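Q: For reference, the structure I am asking about is given below.
The values are calculated or read from the model by the stated rules, or taken from the named source; none is laboratory data. Remember, it's a predicted structure, so these values are computed and weren't measured experimentally. Methodologically, a virtual Cβ is constructed for each residue, glycine included, from the backbone with ideal geometry; neighbour enumeration extends over all protein chains shown.
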Amino acid sequence: MQLFAFGLNHNTAPIQIREQVNFSPERLKHALHDLINRDLVQEVVIISTCNRTELYYAVEEDTTPAIINWLSQYHNISSEILSEHLYTYKQSDLVRHLFRVACGLDSMILGEPQILGQIKTAYNTAHKLGTTSRLLNKLFEHSFFIAKQVRTDTAIGSSPVSVAFAAVRLAQQIFGDLSENTALLIGAGETIELAARHLHENQLSRMIVANRTIERARKVAKEFSGYAITLEEIPVHLAEADIVIASTGSSLPILTKVEVEEAIKIRKHRPIFMVDIAVPRDIESTVGDLEDVYLYSVDDLNEVIQENLRSREQAALKAEELIDTHLTHFMGWWNSLNVVDTICDLRGQAQETRHRLVIKAKRMIDKGKTPYEVIDYLAHTLTNTLIHEPCVQLRQASYDGRDDLVTAALQLFQLTNEDKT
């Protein structure tokens, strides 16, 4: 069985492409089943976040071109355009890549912790659907282990660097003191909760949390002394917001250009700072064309993020060393799978020989042979039978000049080749 992966991320594809190949949770389950049912893969996991979509799969023979074509048709995007942004990995390169992704070393924000949770969710979804087996199970479980060790043994997560942190820092650069500003947070997931925390710590005056599920919005709002509303209520409150940060899982925009235009009129053209962290986007891209609106996407935050990475760069070097060590361990385990059948055959052959000779030894006892005679016969015959074929093959190898087999036998049976004369 071989391992392959391909995908695209924030380094290889702009947001317009990434959002086209994004899998919602509902479509993800269908996609996993579809890949298995089409016999394109034996095992598969799909990771799909705002910054990356990656497919990891186990197959007997490489089916990557067929799966790329499947992805193209599934999302109705031309394979030519898609291929321009894809990267591919196989075998040990794939293993290293997944380890780096899980540790946050391949993220827009070096060492960001959210990706590990997203990988776990993707793996758990595939595992529950039965699209993983021994190889991918071991690979992903190993990636979780090393990610935890990197978090424990390095300072990769010591400084508060995240998309949410970058969004709040950018708001501070625009408004300065936030103590007189109101923020509207759209969504109630981990990223929004993190943004709420950063805003609260920077003395934000007022917070409004909007979510499809009002109970979840209330939970986040209550923790930070905010006010909860539904998504349908956003137009009523939008004009109150100086800062808008959006991150939902919606497949359609939450905020339209018309709604924002109306809010700007009500605000008498006081500017609104907006950050759309979602992929697909929550705010229509044309909103950025409006005067008095400063709209940023996740890609625009990269500059802000770079300023906060320096303290993590040294930790990343140590993390890479840990990854090298774990890569060796995993590849050793994987390579050992190739000899499992051989070991089973060898054991089976020895067990068959033992069983046959034990039956013969018992018959000798029944015929009156002494235990000492039977033990001597059994030990002598078993030894000769087990080593007969290896000895024949070693003599033939020596005759044929196959010194490599002789050397291998010395190592395999832990022998020395000292002169016995």
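Q: When you look at residue 327, is it over 28 Å from residue 93 (Cα atoms), surrounded by 14 or more Cβ atoms within 10 Å (Cβ to Cβ) and touching a residue at least 24 places away in the same chain (Cβ under 8 Å), yes or no?
A: So residue 327 fails the test.
Q: Let me ask something else about it. Residue by residue through the stretch 1-47, note down the ones that are more than 19 Å from residue 80 (Cα to Cα), touching a His at 6+ places or on another chain (Cβ under 9 Å) and surrounded by fewer than 15 Cβ atoms within 10 Å (Cβ to Cβ).
A: Within the stretch 1-47, none qualify.
Q: Please specify each residue of the stretch 47-69 satisfying the condition of being free of Cβ contacts under 8 Å to residues at least 40 places away in the same chain and in contact with a helix residue (DSSP H, G or I) (Cβ under 7 Å, 6 or more places away or on another chain).
A: Once the filter is applied, which keeps residues that are free of Cβ contacts under 8 Å to residues at least 40 places away in the same chain and in contact with a helix residue (DSSP H, G or I) (Cβ under 7 Å, 6 or more places away or on another chain), the stretch 47-69 yields only 69.
Q: Now for a different question. Looking for something surrounded by 20 or more Cβ atoms within 10 Å (Cβ to Cβ), in a helix (DSSP H, G or I), without any contact (Cβ under 8 Å) to a residue 60 or more places away in the chain and touching a Gly at 6+ places or on another chain (Cβ under 9 Å) - is there at least one such residue anywhere in the stretch 146-154?
A: Taking the stretch 146-154 and keeping what is surrounded by 20 or more Cβ atoms within 10 Å (Cβ to Cβ), we get 146-147, 150, 154.
Pick out the ones that are also in a helix (DSSP H, G or I) and you get 146-147, 150.
This time we only want the ones that are without any contact (Cβ under 8 Å) to a residue 60 or more places away in the chain, so: 147.
Next cut, touching a Gly at 6+ places or on another chain (Cβ under 9 Å) only: 147.
Within the stretch 146-154, one or more residues are surrounded by 20 or more Cβ atoms within 10 Å (Cβ to Cβ), in a helix (DSSP H, G or I), without any contact (Cβ under 8 Å) to a residue 60 or more places away in the chain and touching a Gly at 6+ places or on another chain (Cβ under 9 Å).
Q: Can you name the residue in the stretch 103-134 that is over 13 Å from the mean Cα position of the chain (by Cα) and surrounded by fewer than 19 Cβ atoms within 10 Å (Cβ to Cβ) and is also modelled with the lowest pLDDT among such residues?
A: Filtering the stretch 103-134 for residues that are over 13 Å from the mean Cα position of the chain (by Cα) and surrounded by fewer than 19 Cβ atoms within 10 Å (Cβ to Cβ), the one modelled with the lowest pLDDT comes out as 134.
Q: Still on this structure: Does residue 20 count as out of contact with any Phe, Trp or Tyr (no Cβ under 7 Å at 6 or more places or on another chain), among the polar types (S, T, N, Q) and in contact (Cβ under 8 Å) with a residue 24 or more places away in the chain? Talk me through it step by step, then tell me what you get.
A: Working: out of contact with any Phe, Trp or Tyr (no Cβ under 7 Å at 6 or more places or on another chain): yes; among the polar types (S, T, N, Q): yes; in contact (Cβ under 8 Å) with a residue 24 or more places away in the chain: yes.
It is true that residue 20 is out of contact with any Phe, Trp or Tyr (no Cβ under 7 Å at 6 or more places or on another chain), among the polar types (S, T, N, Q) and in contact (Cβ under 8 Å) with a residue 24 or more places away in the chain.
Q: Among the residues of the stretch 357-395, how many are of a type in the set (S, T, N, Q) and either touching a helix residue (DSSP H, G or I) at 6+ places or on another chain (Cβ under 9 Å) or in contact (Cβ under 8 Å) with a residue 24 or more places away in the chain (or both)?
A: Number of matching residues: 3.
Q: List every residue pair whose Cβ atoms sit under 6 Å apart, with the two residues 6 or more apart in sequence or on different chains, where the first one lies in the stretch 283-305 and is modelled with pLDDT of 95 or more and the second, anywhere, is of a type in the set (Gly, Ala, Ser) and outside any helix (DSSP H, G or I).
A: 283/246
Q: Hey, any hits in the stretch 123-130 for a residue that's under 22 Å from residue 109 (Cβ atoms) and assigned by TED's automatic domain parsing to the domain that holds residue 315?
A: So far as the stretch 123-130 goes, yes, one or more of its residues are under 22 Å from residue 109 (Cβ atoms) and assigned by TED's automatic domain parsing to the domain that holds residue 315.
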